[in-house]
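Report on the structure given below.
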Amino acid sequence: MRRIPARRLFAAALLVASVLAPVAVAPAPVVQAVGVDRHEEENCPPGGLGPEVSARLDKAIADVRKQAGIPGVVVGVWMPGKGSYVRATGVADTATGEPMSADSYIRIGSETKTFTVTALLELVDEGRIALDDPISAYVPGVRNGKRITLRHLAEMRSGLFPYTADADFQHDLLSDPQRYFTPKELLAYGMKHKNTFKPGATFQYSNSNLILLGLVVEKMSGHRLDDFIHHRVLRPSHLRHTQLPTGPEFPRPHSHGYTDQTLSGKVEDSTNWNPSWAWAAGGMISDLHDLRRWAKIVATGELLSPETQAQRLKTLPTGFPGTSYGLGIFETGGWIGHNGSLPGYETVTVYLPSQKATLVIMINTDIRRGGQEPSTLLARAITQIITPDNVYDGGVAPR
């Protein structure tokens, strides 16, 4: 039985390079999104980017999809004063050839972090917690917990070993992808290991950080995390198609997801895997138009005080060229937001304040090509066309 390398299960796009045979990609025509755009504000008429730009985007997406072996792609671009571009291309199911739909739901992986940290920062604004409080004040038993602050956790600078890098966790998850994990069970995998550095010393992506922040939100709000996010984050933002499930439930329509994060290394359908193992770090579900709305809300701080949002956007170097990280959010090439990745799915949701532009990408595979995430390849190719002075450089995945 093959051991999965230590970094293969980072939910926020920390998947190690694995060049295997491409997922079978059935031919499918580009499909213009159907239905009414639920958020047509800001002067973004459909097709408004013009036929030349749209044609270039069509070609770039098709080229990357072929190069990276991506079964299905959904892309949304909204640029005030210029227009919008929404396309779904490829297949949602490689077995049946069902076309990808722009109206489908998707597992958003580590974009969940933007919701969890927003919930945390709302508690900061209410004076219930402070970013420089030690985690030991809220969760006992955390190694060096008196020196690790909530800020360190949200910035990915705690030094806590990522539970997803633990070999026993990897084996337990991949042996039974339907298993339900509790937050304390997840933390226990990471707590077996020594901390990797002193708090604040450097950047290391660790889902252990977000599991702890989820527990802080629950303790200080008196509500389950999914309920608090629903009532205090999703409802005020009018995000009606976004949720943090408690198990493997997945609203329809949705595409099938394809991953090589398996014990055998072979590609499998991960559509109904239980995302409880990612919880506050990566368990949420959304759709194209909710993500479009959320991109601006999270980047501009609509739910937070200006002072707290300013704290959130104080990004620090990550060690990955062109990308810095703040409080559960990153900046790359001027774009602010987060990417998401977990077995079978990848997403990118980012906002460019200088042009008030929004980009959302949804794909149904997480299989790398040449060491790069397919969502990063798409985001880079798209931004080279729509914002050549602000090219998406990539998330925080190791290269």
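The values are calculated or read from the model by the stated rules, or taken from the named source; none is laboratory data. Keep in mind the model is a prediction, meaning the values are calculated, not measured. Heads up, the Cβs are rebuilt from the backbone with ideal geometry, glycines too, and the neighbour counts pull from every protein chain shown.
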So, in the range 142-155, how many residues would count as being touching a helix residue (DSSP H, G or I) at 6+ places or on another chain (Cβ under 6 Å) and either within 17 Å of residue 311 (Cα to Cα) or in a helix (DSSP H, G or I) (or both)?
2
Of everything in the range 279-308, what is over 27 Å from residue 164 (Cβ atoms), assigned to a helix (DSSP H, G or I) and free of Cβ contacts under 8 Å to residues at least 60 places away in the same chain? Give them in sequence order.
300, 306, 307
Could you identify the single residue in 349, 387, 315 that is touching a strand residue (DSSP E or B) at 6+ places or on another chain (Cβ under 9 Å), surrounded by fewer than 24 Cβ atoms within 10 Å (Cβ to Cβ) and within 25 Å of residue 121 (Cβ to Cβ)?
315
Is at least one residue of the range 74-95 under 30 Å from residue 151 (Cα atoms) and of a type outside the set (Val, Ile, Thr)?
no
Among 71, 22, which is the only one that is closer than 30 Å to residue 274 by Cα, surrounded by 14 or more Cβ atoms within 10 Å (Cβ to Cβ) and modelled with pLDDT of 95 or more?
71
Residue in the range 169-206 that is surrounded by the fewest Cβ atoms within 10 Å (Cβ to Cβ), counting only those that are of a type in the set (A, V, I, L, M, F, W, C) and assigned to a helix (DSSP H, G or I):
188
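For (1) within 25 Å of residue 331 (Cβ to Cβ); (2) buried (at least 17 other Cβ atoms within 10 Å of the Cβ); (3) touching a Cys at 6+ places or on another chain (Cβ under 6 Å), each residue gets a yes or a no:
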site: 113; (1), (2), (3): yes, yes, no
site: 117; (1), (2), (3): yes, yes, no
site: 122; (1), (2), (3): yes, yes, no
site: 126; (1), (2), (3): no, no, no
site: 139; (1), (2), (3): no, yes, no
site: 148; (1), (2), (3): yes, yes, no
site: 157; (1), (2), (3): yes, yes, no
Looking only at the range 159-168, and only at residues there that are of a type in the set (A, V, I, L, M) and more than 18 Å from residue 325 (Cα to Cα), the one that is surrounded by the fewest Cβ atoms within 10 Å (Cβ to Cβ):
167
Specify which of the listed residues (124, 139) is closer than 14 Å to residue 219 by Cα, part of a loop (DSSP other than H, G, I, E, B) and in contact (Cβ under 8 Å) with a residue 12 or more places away in the chain.
139
Residue match in the range 374-388 (condition: part of a strand (DSSP E or B) and in contact with a helix residue (DSSP H, G or I) (Cβ under 9 Å, 6 or more places away or on another chain)):
no
Show the residue pairs that are 6+ apart or on different chains and have beta-carbon atoms under 7 Å apart, the first residue being within the range 231-252 and assigned to a helix (DSSP H, G or I), the second being of a type in the set (Val, Ile, Thr).
233/118; 234/242; 237/297
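For the range 156-168, which positions are of a type in the set (Asp, Glu) and under 20 Å from residue 341 (Cβ atoms)?
Going through the range 156-168, the residues of a type in the set (Asp, Glu) turn out to be 166, 168.
If the condition is that a residue be of a type in the set (Asp, Glu) and under 20 Å from residue 341 (Cβ atoms), then 166 is the only one that fits.
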Going by what's in this entry, would residue 327 be described as modelled with pLDDT of 95 or more, under 18 Å from the mean Cα position of the chain (by Cα), under 26 Å from residue 201 (Cβ atoms) and surrounded by 24 or more Cβ atoms within 10 Å (Cβ to Cβ)?
yes
Hey, residue 84 hits all of (1) assigned to a strand (DSSP E or B); (2) touching a residue at least 60 places away in the same chain (Cβ under 8 Å); (3) over 30 Å from residue 210 (Cα atoms); (4) not hydrophobic (A, V, I, L, M, F, W, C) but one; which does it fall short on?
(2)
Search result, residues across the range 275-313 that are small (Gly, Ala, Ser) and either within 19 Å of residue 326 (Cβ to Cβ) or in contact with a Phe, Trp or Tyr (Cβ under 6 Å, 6 or more places away or on another chain) (or both)
276, 280, 281, 282, 295, 299, 301, 305, 310
Among (1) over 21 Å from residue 350 (Cβ atoms); (2) surrounded by 19 or more Cβ atoms within 10 Å (Cβ to Cβ); (3) out of contact with any His (no Cβ under 9 Å at 6 or more places or on another chain); (4) polar (S, T, N, Q), residue 237 falls short only on (1)
May I ask you to verify whether residue 113 is free of Cβ contacts under 8 Å to residues at least 60 places away in the same chain and among the charged types (D, E, K, R)?
no
